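All remarks here apply to the structure that follows.
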Amino acid sequence: MNPNMWPRPDITLWSRPFWDGVRRHELIAQRCIHCGQLRYPPGPTCNRCLSDRHDWTRLTGEGQVQSWVVFHQVYWNELATEVPYNVALIRLAEDVLFISNLVGVDHAEVHMGMPVRVVFDDVDDDLTVPRFAPTEPSTQASTR
Amino acid sequence: MSPVEQSACVVGVGTTEWGSFPDTDAHGLGIQAFKGALEDAGVGATDIDGLITSRIPSYTQFADATGIDPSFTVALPAEGRQSGVAIGLAKSLIDSHQCDVVALVYGNNGRSQRVYYGGGDEAFSAWGFTSPGAQHALLLRQHMHRYGTTPDQLAEVAITFRHHASLNPSAVMREPITRQDYHSSRFIVEPLHLFDYCLINDGGVCLIITRQERARDLRGTPVRILGYGQAASLTGSPFYPNDFFYPALQRVAKQTYEQCGVGKEDLDALMIYDNFSPTVLFTLEGFGFCAPGESAEWIQEGTLRLGGKYPTNTSGGHLSESYMQGWALNVEAVRQVRGDASGRQVPDCRTVQYMAATPISSSVIYGRES
């Protein structure tokens, strides 16, 4: 995987602390101060209690694969050399859903419920992207 | 005046050809469809007192070009979910007597402008994740895991709608496809194949909706809107729901069937929003045609095919006729009820249900004039 070719994230008013956290190799999520609900992607309000008061809490980075796909279509020209690449829907241990790439595993090896842990990809001087690697030993070694 | 005479009905429909038309634009296509619908209905532009547009880039430009100043004007976003929303809104405008003749206009020149779905600046761009197709591929994987749905079963959707398109001179893709064709077609976002994806084309669609009593004075053959329902699955919507929209679809089903007392056994044809083939499965299950997880098996015996129990997307649908974001499916429903679907007419077609399973799900039941 050549991370430098990947689209840069849309860093917004609400998501900036998330990306700053990732730069520090921390996976963090907003937590509602009023009711404790975690939310991701970052946003202005807790949709359970409508409070806008939140802080940020560090997540363990552990999760399980709930679904995954493999992109064969090139949607960004820069990714023409990267296809086919996988994207997984991961349910983190804190019951937060996350979309990310799985690294260190062949597409054919990915399975439902596969346990994964975050790895921090230092793409360049300005950007780190969280990706996920399996925590089980692989049956076929891959250095993707 | 009796409730039946107040009933909203579609009295005019207009559609352009589908394809690549670089010599016009979305306004031109919408206007062409609008004029076709006016002619079909037997009304003039000045009779239009309600205007709802979707994907028309500028509703002001459209109204100026057609010389209309309605009593109610709104432009809806360009999403496919909005076709069902627009029809529900038009029905409300008619039912409440806010308007007498509402024009719903859609125009899309995405193919000639090479405007595709995906690849923009989005929430998950950093991971290369984009497009509604990818969201549905994630859902399909879960459906396969949870219920055992197989690609071979799913192929039936694309094969059936392609068969229907072969009977429709307006359809873009008309060559029949086999299971082998399906399996060997390239993956777009695996597990979805090329043939699981809707066809991007240019085109325009217009419906003109009035009340039944007014329709009697007009040329167009009216088709009644018997029932309507809508429900959203917007909470948590950055991630498409792992319940396949079922709770919303069940609410829409209840609302729509109870409004008109129509049951599934009364339906002669279905129009199912097929942005992607698995959406057809989710819709059938969510509306209760079969239990969750059973639709893939249920459709194998030709259930959705012309001549089967529930002929579906008789024009070829989004997968083979063209992707007009639900609009052309509603026109096909009207044409079927009118007996105007030559080559693919469902015999004695009296009642047709349109259904869309999306972050805003909706349904319309069409029926003959009473």
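The values are calculated or read from the model by the stated rules, or taken from the named source; none is laboratory data. Fair warning: this is a prediction, and the values are worked out from it, not measured in the lab. Ideal geometry is used to build each Cβ from the backbone, glycine not excepted, and the neighbour counts take in all protein chains shown. Protein only, heavy atoms only, side chains kept; ligands, DNA and RNA dropped before computing areas. Shrake-Rupley method; radii C 1.70, N 1.55, O 1.52, S 1.80 Å.
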Original post:
By the gyration tensor of its Cα atoms, with a ≥ b ≥ c the square roots of the eigenvalues, what is the shape of the range A:57-139: rounded for a/c under 1.5, prolate for a/b over b/c, or oblate?
Top reply: oblate
Original post:
Between A:Thr135 and B:Thr178, what FRET efficiency follows from the Cβ-Cβ distance if R0 is 51 Å, with the result rounded to 0.05?
Top reply: 0.75
**OP:** Classify the range B:245-353 as rounded, prolate or oblate, taking a ≥ b ≥ c as the square roots of the eigenvalues of its Cα gyration tensor: rounded when a/c is under 1.5, otherwise prolate if a/b is larger than b/c and oblate if not.
**Re:** rounded
**OP:** Check the cysteines of the protein assembly as shown one by one and keep only those with no other cysteine Cβ under 4.7 Å from their own.
**Re:** B:Cys9, B:Cys99, B:Cys198, B:Cys206, B:Cys260, B:Cys290, B:Cys349
Original post:
Highest GNM mean-square fluctuation, chain A, Cα pairs closer than 10 Å: which of A:Tyr85, A:Tyr75, A:Tyr40?
Top reply: A:Tyr75
Original post:
Can you list the trypsin sites (Lys or Arg not before Pro) in the range B:89-142 that are in a DSSP coil and have 13 or fewer other beta carbons within 10 angstrom?
Top reply: B:Arg114
Original post:
Excluding same-chain residues fewer than 8 positions from B:Lys91, which lysines have a Cα within less than 20 Å of its Cα?
Top reply: B:Lys254
Subject >> Carbon plus sulfur fraction of accessible area for chain A, probe 1.4 Å, in percent >> reply: 48 percent
Subject >> Amide H contacts under 5 Å for B:Glu369, placed H, 5+ residues apart >> reply: B:Arg224
Original post:
When the label point is put 7 Å from the Cα of B:Asp217 along its Cα-to-beta-carbon vector, which residues of the range B:66-103 have a backbone N closer than 13 Å?
Top reply: B:100-101
Subject >> Span per principal axis, largest first, for the Cα atoms of the range A:1-141 (Å) >> reply: 46, 30, 26
Subject >> Chain lengthening between B:Glu265 and B:Ser185 when straightened (0.36 nm per residue, less Cα-Cα) >> reply: 25.2 nm
Original post:
How fast does the range B:296-340 diffuse by Stokes-Einstein, in µm²/s, taking the Kirkwood radius from C-alpha pairs at 25 °C and 0.890 mPa s?
Top reply: 218 µm²/s
Original post:
Peptide B:229-242: average number of partner chain Cβ atoms within 10 Å per residue?
Top reply: 2
Subject >> Fraction of alpha-carbon pairs over 17 Å apart in the range B:59-100 - percent >> reply: 42 percent
Original post:
Per residue, how much accessible area does chain B show when a 1.4 Å probe rolls over the protein heavy atoms, in square angstrom?
Top reply: 35 Å²
**OP:** Quick one: which residues, 5+ away or cross-chain, put their amide H under 5 Å from the amide H of B:Val101? H built at 1.01 Å from N.
**Re:** B:Asp49, B:Gly50
Original post:
Between A:His34 and A:Asp126, what FRET efficiency follows from the Cβ-Cβ distance if R0 is 22 Å, with the result rounded to 0.05?
Top reply: 0.05
**OP:** Starting from the Cα gyration tensor of the range A:91-138, take the square roots of the eigenvalues, sort them a ≥ b ≥ c, and report rounded, prolate or oblate (rounded when a/c is under 1.5, otherwise prolate if a/b is larger than b/c, else oblate).
**Re:** oblate
Original post:
Based only on the alpha carbon positions, what is the Kirkwood hydrodynamic radius of the range B:23-64, in angstrom?
Top reply: 10.9 Å
Original post:
When each pair of different Cα atoms in the range B:32-170 is counted once in the 1/r mean, what is the Kirkwood radius in angstroms, to one decimal?
Top reply: 18.5 Å
Original post:
When you take every Cα atom in the protein assembly as shown, what is the radius of gyration, and what is Dmax, the widest Cα pair distance, in Å?
Top reply: 24.0, 76
**OP:** Name the residue farthest towards the positive end of the dipole of the range B:96-231 from the options B:Thr160, B:Gln98, B:Gly120, assuming +1 on Cβ of Lys and Arg, -1 on Cβ of Asp and Glu, about the Cα centre.
**Re:** B:Gln98
Subject >> Cα centroid separation - the range B:255-290 against the range B:68-86, whole Å >> reply: 23 Å
Subject >> Extension reserve of the B:Asp340-B:Ala291 stretch, reckoned as 0.36 nm per residue once the Cα distance is removed >> reply: 14.3 nm
**OP:** Using only alpha carbon positions, build the gyration tensor of chain B, then give the equivalent ellipsoid semi-axes as the square roots of 5 times its eigenvalues, largest first, whole angstrom.
**Re:** 31, 23, 20
Original post:
What FRET efficiency would be calculated for the residue pair A:Trp56, B:Lys35, taking the C-beta separation as r and a Förster radius of 51 Å, to the nearest 0.05?
Top reply: 0.35
**OP:** Would you calculate a helix-derived [θ] at 222 nm for chain B, using -39,500 (n - 2.57) for each DSSP H run of n ≥ 4 and dividing by the full residue count, to the nearest 500?
**Re:** -10000 deg cm²/dmol
Original post:
Which residues of the range A:43-85 end up with at least 20 Å² less accessible area in the presence of all protein chains than when their chain stands alone, using a 1.4 Å probe?
Top reply: A:Asn47, A:Gln66, A:Ser67, A:Trp68, A:Val69, A:Val70, A:Phe71, A:His72, A:Gln73, A:Tyr75, A:Trp76
Original post:
What percent of all Cα-Cα pairs in the range B:123-186 falls in each 5 Å bin, counting up from 0?
Top reply: 4, 15, 17, 18, 18, 14, 9, 4, 1
Subject >> Point-charge dipole on Cβ atoms (K/R +1, D/E -1) for chain B, about Cα centre, debye to 20 >> reply: 300 debye
